[in-house]
Every structure is written in C-alpha cells, then in structure tokens.
Amino acid sequence: MKFFIDTANPGEIRKAYEMGVIDGVTTNPTLISKENRDFDSLIKDICGIIRNLPISLEVIGLKSEEMIREARTLSKIGDNVVVKIPMTSEGLKAVHVLIPEGIKTNTTLVFSATQALLAAKAGSTYISPFIGRLDDISQAGMELVEQIVTIFNNYDFKSEVIVASIRHPIHVLEAALIGADVATIPYKVIEQLTKHPLTDIGIERFLEDWKKVPKK
Ligand code: E4P
C-alpha cells in the first residue's frame, strides 16, 4: 500500500518524507491557496524535498482543451508530475488525450463507482474517490472504495485507487483492509497514526526503571 501526503505545505512534506513513510504528494487548489505563495517556487520547493516521487497538481480549466493545455504545461515541471483532472465528461476527454502522450493523470472528485469505472475505461493512471466528503453527507465513503476495488479487480483495470479526503486513522485502516492501492493522508492524520497511549506509557516506564539501574 502506498501513502501519499495530502498537503502543499513543504514543512509537513519534509517531516513525513524524513519518516520514510510517504510515496507521493497530492495537492488541490484549496491546499495550494493555503500556502499563500507563488505557485512555481512552491512546487520547486516541494519537488526538491520529494525528488522523483509522484506529485498531483490540479488543472483549473473546465473544457478539455484547457485541461490538456494546462496538463502539458504542468507536466514540463518534471516526470513525476501527475495531472489532476476533475471527473467530468470534459475531464475524461482530456485523460483520453493525455495518457497516450505519456502524461499521468489522477481523476479527482470521484463520488460514485460508475464515475470510477468511466475514469478507468478512459485510462486514468489514478482515480481518487473522496470518502470524507461522502461521510460528511451521511453516505458511507468506504463502501464506495470497496465497490471500486471490487470492480477494478473483476476486470483487471490498471488504474490505481487513491483513497482521498481522509479525515482520521480509521479511514486509513479500512482502506488498507479493503486493499486500496494508495491512501492520501493529511499530515495531522499521519501524526495520529504514529501514536498509541501504551507506547507513551511504555517509554515513560522504561525511562523510570532505567534510572534504578546501578551505573558506574
Ligand atoms: C485529494 O486528492 C484531495 O486533495 C483531498 O483528499 C480532499 O480532501 P478534503 O475533502 O479534506 O478537502
């Protein structure tokens, strides 16, 4: 299972990278805007940290021609750039053009298994179901992941499933149990994953007991 970090914050990316637990980065316009700095220098900084790991950067255009133009520009940043394309009929058209050009795509804002099926048919490299946003409206997001993984296995589709819009550690656990290819995780949740109260208590007790060991 791959872990991507879902942020555009270089500090968070560096910390997760140094832990050796991330295999890529996903961003979106909201995450980029939070950094409040020039896009080109921000991406240069991030790529300097993650080197060749994949980084998803999203297009803004709504028409396929605009998406294709933006995707070609973004892909010049580096071979590791994956272009995030919204799941619309225009987006599918863009994927259909970009994949044969060797440009990797991440079809984003996927909220149904049939949308995922279409994106896989179009050949998208990655497909991102947004589970937290479904949970937010009282639909079980993880059931969508189960459906997508089952369909992709049934037909041996090559697209990788990125479980996105993750809100807490249980989402990561369930994604792993289902066998999703990737979870893209906010830094806060990566930190939560490291923690267990018994680990803290255990360290404290070992340190206390160590003080009792006679030393020369
Ligand atoms: C995925 O690629 C998106 O960037 C992200 O997971 C969206 O998460 P949100 O619903 O917390 O905004």
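The values are calculated or read from the model by the stated rules, or taken from the named source; none is laboratory data. Quantities reported herein were computed from a predicted structural model and do not represent experimental measurements. Glycine gets a Cβ as well: all are built from the backbone with ideal geometry, and neighbour counts include every protein chain shown.
Across segment 180-214, the number of residues qualifying as more than 24 Å from the chain's Cα centre (by Cα) and among the polar types (S, T, N, Q) comes to 1.
Residues of segment 1-59 that are aromatic (Phe, Trp, Tyr) and either closer than 14 Å to Asn80 by Cα or surrounded by 22 or more Cβ atoms within 10 Å (Cβ to Cβ) (or both): Phe4 alone. Counting residues in segment 64-79 that are buried (at least 16 other Cβ atoms within 10 Å of the Cβ), within 28 Å of Glu143 (Cα to Cα) and modelled with pLDDT of 95 or more gives zero.
For segment 66-117, the set of residues classified as touching a helix residue (DSSP H, G or I) at 6+ places or on another chain (Cβ under 7 Å) and of a type in the set (Lys, Arg) consists of Lys93 only. Of everything listed in (1) in contact with a strand residue (DSSP E or B) (Cβ under 8 Å, 6 or more places away or on another chain); (2) more than 16 Å from the ligand (Cβ to nearest atom), the single unmet condition for Leu173 is (1).
If only residues of segment 176-198 that are part of a helix (DSSP H, G or I) and among the charged types (D, E, K, R) are counted, the one that is nearest to the ligand (Cβ to nearest atom) is Lys188. Considering only residues in segment 116-133 that are among the β-branched types (Val, Ile, Thr) and not in a strand (DSSP E or B), the one that is farthest from the ligand (Cβ to nearest atom) turns out to be Thr125.
Among residues of segment 129-157 that are at positive phi, none has a beta-carbon under 6 Å from a residue that is assigned to a helix (DSSP H, G or I) and within 13 Å of the ligand (Cβ to nearest atom) at least six positions away or on a different chain.
Among residues of segment 82-105 being more than 16 Å from Ser64 (Cβ to Cβ) and not in a loop (DSSP other than H, G, I, E, B), the one that is farthest from the ligand (Cβ to nearest atom) is Lys104.
Every residue in segment 128-179 that is over 15 Å from the mean Cα position of the chain (by Cα) and charged (D, E, K, R), please. Within segment 128-179, Asp135, Asp136, Glu143, Glu146, Asp156, Lys158, Glu174 qualify. From the residues in segment 55-77 that are assigned to a helix (DSSP H, G or I) and basic (Lys, Arg), which one is farthest from Ile22 (Cα to Cα)? Taking the candidates together, the pick is Arg69. Residues in segment 140-158: is at least one within 16 Å of the ligand (Cβ to nearest atom), of a type outside the set (A, V, I, L, M, F, W, C) and outside any helix (DSSP H, G or I)? Checked against the condition, which is being within 16 Å of the ligand (Cβ to nearest atom), of a type outside the set (A, V, I, L, M, F, W, C) and outside any helix (DSSP H, G or I), segment 140-158 yields no hits at all.
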